[in-house]
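The values are calculated or read from the model by the stated rules, or taken from the named source; none is laboratory data. Here the structure is a predicted model, which means the values were calculated and not measured. Here the Cβ is made from the backbone with ideal geometry for all residues, glycine too, and neighbour counts use every protein chain on show. Ligands, DNA and RNA are stripped out before the accessible areas are found, and what is left, the full protein with its side chains, is counted by its heavy atoms. Shrake-Rupley method; radii C 1.70, N 1.55, O 1.52, S 1.80 Å.
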Amino acid sequence: MRLIGTVDGKVDAKGRVFLPAIFRRALGDKESASLVMRKDIFENCLVLYTESEWYEHLDELQQRLNRWNREHRALFRRYVSDVEWLTLDAGGRFLIPRRYLQMAGIRQEVTFVGMDRTIEIWAKRDKSENDDNQGFGNKLQELMA
């Protein structure tokens, strides 16, 4: 499963939003039944995982942690405690709880970004805020050279 692309959407007054059809098709019926959402640890956005991707992600994290280390246990607890399980309704909508909308600074308009195995949900910004083609090109060249 590869989730790529960018799609804009709107959050209704109750906090519901449609998962874009392109992502629903990529997820398939069984995968979209349960999604996991959490606030990104680096960026001001929300991240959606399929259930299977979330468990793979947790397995990778747990392999790096020592369950007998108090600091590691606290880190893991904090990471998994701020997670929301989501289910799509028949129309492909899901509810973003108010606290998550506030954490990500989302009001009404959102942008979904497919990040290969996850989907990010961003508060919609003016395109000029995200335009840094020169810097992007330079960093990509540096990485790939």
Heavy-atom accessible area per residue of the chain, all protein chains kept, 1.4 Å probe, expressed in Å², is 69
Asserting the computed 222 nm helical MRE of the chain (DSSP H runs at least 4 long, -39500 (n - 2.57) per run, divided by residue count, to nearest 500) equals -12000 deg cm²/dmol
Relative contact order of the chain (C-alpha contacts under 8 Å, at least 6 apart) in percent is 37
Quick shape check on segment 80-123: root eigenvalues a ≥ b ≥ c of the Cα gyration tensor, a/c under 1.5 is rounded, otherwise prolate if a/b tops b/c, else oblate, and it reads rounded
Binned at 10 Å from zero, the C-alpha pair distances of the chain give percents of 10, 36, 32, 19, 3
A 1.4 Å probe over the protein heavy atoms gives segment 1-63 a carbon and sulfur accessible-area percentage of 51
Exposed-loop cut sites defined as trypsin sites (Lys or Arg not before Pro) in DSSP loop states with at most 16 other Cβ within 10 angstrom; longest site-free run of the chain spans 15-66
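Suppose every K and R has +1 on its Cβ and every D and E has -1 on its Cβ; what is the size of the dipole of segment 35-145 about the Cα centre, in Debye to the nearest 20? Write out the running numbers ahead of the final one.
On the way: 17 positive and 19 negative charges, 120 e Å.
Rounded to the nearest 20 debye, it is 580 debye.
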Toy charge model, Lys and Arg Cβ at +1, Asp and Glu Cβ at -1: segment 71-117 dipole around Cα centroid in debye, rounded to 20, equals 180
Under the 7 Å Cα-to-Cβ spin-label approximation, Gln141 and Glu60 lie apart by a distance in nanometres of 3.0
